[in-house]
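Asker: Below are the structure tokens for one structure; questions will follow.
The values are calculated or read from the model by the stated rules, or taken from the named source; none is laboratory data. Every value quoted in this text rests on a predicted model; they were computed, and no experiment measured them. Neighbour counts are summed over all protein chains in view; Cβ atoms, including those assigned to glycine, are modelled from backbone coordinates with ideal geometry. Side chains included, ligands, DNA and RNA excluded: accessible areas come from the protein's heavy atoms. Shrake-Rupley method; radii C 1.70, N 1.55, O 1.52, S 1.80 Å.
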Amino acid sequence: MTTIHIRQTNTDKLTADEQLWAYNGADCMITFEVFEALEPKLPEVPFAYDMSRTMQGPAFTLMHRGVKIDMGRRIEVLSSLNAQRERCQEIFFRLCHEGLDIPAYEDKKAKKTYAINPASSKQLCTLFYEVLGFPPIKSYNKLTKDYSVSCDRKALEKLQKEPRAKVFCELILAIRDYDKKIQVLTSGIDKGRMHTAYQVAGPMTGRWSSNVDPFGRGTNLQNITDEMRRVFIPDSGKKFCQLDLAQAESKLVAYLALRWGRGYKDACLSGDLHTTVTKLVWGELFRGSNLPDKEVAKKPFYRHFSYRDMAKRGGHGSNYGGSAAVIAMHLNIPLEQAQAFQDGYFKAFKEIRAWQQSVKVALATTRSIVTPLGRRCFFPGRPWDNDTIKSAIAYAPQSSIGDVLNLGFYKVWRKYDKLFGADNPIEILTQVHDSILFQYDPAIEAEIVPLIQKELKVPVEISGEVCEIEVDAQVGWNWGKYSSKNTFGLKDWAGSDDRLPPQELSILDRELHFLHKVL
């Protein structure tokens, strides 16, 4: 091995390869120096450090393997996405050109005609702040390190509340979302598989994040819509199983709040949390009714929301410190309706407020939160700031769920999927915060699904009691949800699945089938 001694003054005399070696060596030494500085503090965060190192093996397995793509289905989805995008683009053009009398121009590079280009921040600022006359919204620019007039997503979501701007904002956001989906399906696939790079140490909570891999392939597989998930399929002769931690965050909140009361824990263990919450908050609905409780809970609450919907979404926001005003804004309901819900919710579950108050006290005294598994996070922000408080409240449940899943995931990976090229009974394909997806031989379904279900359970002691989160299983031949339009999607598994596997078609067959449907 060649040893190169580097001085700051003569690196320009090195060959191209030697400069790369020098850069790599310096990079390693700087990392080592950082480690030497941090090592004395590692005893304060042993769990986080050990988890980050331990999970590298499973992460590399998933990154290397990727997930197979149904190339024929991909063509269908791309065609649908492009058609929907073009329709949004056409409506947006007509609103700007015919509705607002903005002159049209031809973009020769894009080969499109615009009045306002929805991808141009400058032109959107002209539309909203000059033509429509709204007060300019400023956002922080990381490049210039100051605040400037913006039409980023946050600005558009604020403008969306204005009746005159609503339709424009919705069309722009829809076009951008379609563009992202189209980009994933056109540039993120390599040799018929989708890959991703998992970051096991970066996120504050310890939950994994994902992005384009080091070879420029793939995308964030943890944020894929159901429509796009349908293009992900198992390898030939295999079948998918997805295992989810059931109502995980709600159950963690219940156990964290246990020393102040058992009401929310009892609701979580009732079998139908959201119906139970509905019954406790709006008990008058159920008096004298002969209908099943779940049917009563599904009665309309406000517009498209049922009481059960409100219990589910409003309860989640309330658990994490969301005010009535914030919940009203996100759910698009009147403030008084959100306030009435919270009044009933916290009357039924006083322990949640008490737990939230304990988080505020810990934040004010130690600037840190420690999860039941021992992961510690320091919050440098002002401890009285509302955003800091909400982050601290959400930290323990979200972080704990990520760690519970990963501990079970690691156990499954080590016992059943560690060796490449071996005759493993399963092959794990993705990790999505509170679930994993793996493929297996359908012939062993009755044995392997309950086995992996059991292995994924990790008991954790919280508030003097053992919390064990149930694991739900779904099986199918693509990653999308089962429906009348997706009969091979993931379907709840209760011991068996009587569906027959889909017929495997070549890409040419799928293209001809798609053309036949279109024509």
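Yes or no, residue by residue, for (1) among the hydroxyl-bearing types (Ser, Thr, Tyr); (2) over 30 Å from MET228 (Cα atoms); (3) in contact (Cβ under 8 Å) with a residue 40 or more places away in the chain; (4) open to solvent by 70 Å² or more (accessible area, probe 1.4 Å):
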{"site": "LEU14", "(1), (2), (3), (4)": "no, yes, no, no"}
{"site": "GLN19", "(1), (2), (3), (4)": "no, yes, no, yes"}
{"site": "ARG65", "(1), (2), (3), (4)": "no, no, yes, no"}
{"site": "ILE69", "(1), (2), (3), (4)": "no, no, yes, no"}
{"site": "GLY72", "(1), (2), (3), (4)": "no, no, yes, no"}
{"site": "VAL77", "(1), (2), (3), (4)": "no, no, yes, no"}
{"site": "ARG94", "(1), (2), (3), (4)": "no, no, no, yes"}
{"site": "LYS109", "(1), (2), (3), (4)": "no, no, no, yes"}
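Asker: Let me ask you something else. Tell me, which strands (runs of 3 or more DSSP E) wholly within segment 419-471 include 1 or more residues that are open to solvent by 50 Å² or more (accessible area, probe 1.4 Å) and touching a Ser or Thr at 6+ places or on another chain (Cβ under 9 Å)?
Answerer: Numbers: elements: 426-431, 435-440, 460-462, 465-467.
Output list reads 426-431.
Asker: Oh, and also: Does ASN10 satisfy being modelled with pLDDT of 85 or more and either open to solvent by 80 Å² or more (accessible area, probe 1.4 Å) or of a type outside the set (Lys, Arg) (or both)? Before you say what the answer is, go through the steps one by one.
Answerer: Values: modelled with pLDDT of 85 or more: no; either open to solvent by 80 Å² or more (accessible area, probe 1.4 Å) or of a type outside the set (Lys, Arg) (or both): yes.
So ASN10 fails the test.
Asker: Can you name the residue in segment 79-92 that is hydrophobic (A, V, I, L, M, F, W, C) and more than 27 Å from the chain's Cα centre (by Cα) and is also surrounded by the most Cβ atoms within 10 Å (Cβ to Cβ) among such residues?
Answerer: We begin by selecting, within segment 79-92, every residue hydrophobic (A, V, I, L, M, F, W, C); these are 81, 83, 88, 91-92.
Checking which are more than 27 Å from the chain's Cα centre (by Cα) leaves us with 91-92.
Values: ILE91: 15, PHE92: 23.
Per the stated criteria, the residue is PHE92.
Asker: Quick one: which of THR205, THR186 is in a loop (DSSP other than H, G, I, E, B) and either open to solvent by 20 Å² or more (accessible area, probe 1.4 Å) or touching a helix residue (DSSP H, G or I) at 6+ places or on another chain (Cβ under 7 Å) (or both)? It would help to see each step written out before you state the result.
Answerer: Numbers: THR186 fails: in a loop (DSSP other than H, G, I, E, B).
Matching residue, one of THR205, THR186: THR205.
Asker: So, one more: Can you name the condition, by its number, that GLN242 falls short on among (1) open to solvent by less than 20 Å² (accessible area, probe 1.4 Å); (2) more than 30 Å from GLU445 (Cα to Cα)?
Answerer: (2)
Asker: Among residues belonging to segment 382-395 that are of a type outside the set (Ser, Thr, Tyr) and in contact with a Lys or Arg (Cβ under 9 Å, 6 or more places away or on another chain), point out the one that is nearest to VAL466 (Cα to Cα).
Answerer: My answer is ILE393.
Asker: Still on this structure, please answer the following. If you take the residues of segment 34-46 that are out of contact with any helix residue (DSSP H, G or I) (no Cβ under 8 Å at 6 or more places or on another chain) and open to solvent by less than 80 Å² (accessible area, probe 1.4 Å), which of them is modelled with the lowest pLDDT? Explain how you work it out, then say what you get.
Answerer: Start the filter on segment 34-46 by keeping residues that are out of contact with any helix residue (DSSP H, G or I) (no Cβ under 8 Å at 6 or more places or on another chain), which leaves 34-41, 43-46.
When the remaining residues are screened for being open to solvent by less than 80 Å² (accessible area, probe 1.4 Å), the result is 34-35, 37, 45-46.
Working: VAL34: 86, PHE35: 83, ALA37: 86, VAL45: 66, PRO46: 78.
The residue in question is VAL45.
Asker: Give me a count of the residues in segment 465-478 that are touching a residue at least 60 places away in the same chain (Cβ under 8 Å) and touching a Lys or Arg at 6+ places or on another chain (Cβ under 8 Å).
Answerer: So in segment 465-478, the residues touching a residue at least 60 places away in the same chain (Cβ under 8 Å) come out as 465, 467, 469-478.
When the remaining residues are screened for being touching a Lys or Arg at 6+ places or on another chain (Cβ under 8 Å), the result is 467, 469-471, 474-478.
Number satisfying all stated conditions: 9.
Asker: Filter segment 48-62 down to residues that are open to solvent by less than 10 Å² (accessible area, probe 1.4 Å) and either aliphatic (A, V, I, L, M) or more than 20 Å from the chain's Cα centre (by Cα) (or both), then give me how many there are. Reasoning before the result, please.
Answerer: Step one: list which residues in segment 48-62 are open to solvent by less than 10 Å² (accessible area, probe 1.4 Å), which gives 55, 58-59, 61-62.
If we keep only those that are either aliphatic (A, V, I, L, M) or more than 20 Å from the chain's Cα centre (by Cα) (or both) as well, we get 55, 59, 61-62.
Adding up the residues that qualify gives 4.
Asker: Sort out which residues of segment 369-393 are without any contact (Cβ under 8 Å) to a residue 24 or more places away in the chain, open to solvent by less than 50 Å² (accessible area, probe 1.4 Å) and within 25 Å of the chain's Cα centre (by Cα), and write them in order of number.
Answerer: Listed by number, the residues that qualify are PHE379, GLY381.
Asker: Could you check segment 254-301 and list, in sequence order, the residues that are within 25 Å of VAL460 (Cα to Cα) and open to solvent by 80 Å² or more (accessible area, probe 1.4 Å)? Talk me through it step by step, then tell me what you get.
Answerer: Going residue by residue through segment 254-301, those that are within 25 Å of VAL460 (Cα to Cα) are 254-274, 276-277.
If the condition is that a residue be within 25 Å of VAL460 (Cα to Cα) and open to solvent by 80 Å² or more (accessible area, probe 1.4 Å), then ARG259, TRP260, ARG262, ASP266, LEU269 are the ones that fit.
Asker: Now a separate question. Applying the selection to segment 123-157, what residues are under 29 Å from the mean Cα position of the chain (by Cα) and within 24 Å of ARG85 (Cβ to Cβ)?
Answerer: Hits for segment 123-157 are LEU124, SER150, CYS151, ASP152, ARG153, LYS154, ALA155, LEU156, GLU157.
Asker: So, one more: Here are some conditions: (1) closer than 19 Å to LEU62 by Cβ; (2) out of contact with any helix residue (DSSP H, G or I) (no Cβ under 7 Å at 6 or more places or on another chain). TYR198 meets all but one. Which one does it not meet?
Answerer: Status for TYR198: all satisfied but (2).
Asker: Can I ask one more? Regarding ALA257, is this residue within 30 Å of SER358 (Cβ to Cβ) and touching a Leu at 6+ places or on another chain (Cβ under 8 Å)? Write out each step before concluding.
Answerer: Working: within 30 Å of SER358 (Cβ to Cβ): yes; touching a Leu at 6+ places or on another chain (Cβ under 8 Å): no.
Judged against the criteria, ALA257 is not a match.
Asker: Something else about it: Hey, can you tell me all the residues within segment 208-239 that are within 23 Å of TYR410 (Cα to Cα), charged (D, E, K, R) and surrounded by 17 or more Cβ atoms within 10 Å (Cβ to Cβ)?
Answerer: ASP213, LYS238, LYS239
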